[in-house]
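Just below is one structure, and these are the notes that go with it.
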Amino acid sequence: MDDPLWKELTAFTREEVGGTRLFGKEPTLTPSTRILDDLRIDGVDAIEFVDKLFEKFAVEGDFPYARYIGPESPANILCAIPALICGLFNRNRPPHPDEHPLTLGMLYEAMRAGRWDTKEVEANQRKAS
């Protein structure tokens, strides 16, 4: 994509992610790149990523963090056991971020519009896929 705004987004993302990630290789960034699954940004790190992006690119609107960003991943399996047990009994949970993956394409659309509109951004995401 030759759009200057897209290039700014990818440069920002590489800077925030740390540039090289796996075996010294930079991740390929496309509009379908998922923040959680592909870039491995979750929890507080994902919130900070979105906040910095919105501030840097003057994106307005209330971002629904709980819709797209889950809690920090447990450091090891022992930390995950209580969460798994609680999950068995919590049937009225909010949607998991995997059900609504946040992509660079969605952030790009919000940057172009200058505001975050969940319905509009998700509708554009569905059209693109």
When you scan the range 49-70, how many residues do you find that are on the phi > 0 side of the Ramachandran plot and not aliphatic (A, V, I, L, M)? 1
Here is a list: Val59, Val121. Which entry is of a type in the set (Val, Ile, Thr), modelled with pLDDT of 90 or more, more than 21 Å from Arg14 (Cα to Cα) and surrounded by 15 or more Cβ atoms within 10 Å (Cβ to Cβ)? Val121
Some residue of the range 79-101 being surrounded by 14 or more Cβ atoms within 10 Å (Cβ to Cβ), at pLDDT 90 or above and not charged (D, E, K, R): yes
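The values are calculated or read from the model by the stated rules, or taken from the named source; none is laboratory data. Quick caveat, the model's predicted, so the values are computed rather than measured. Because the Cβ atoms are built from the backbone with ideal geometry, glycine has one as well, and the counts that use them run over all protein chains shown.
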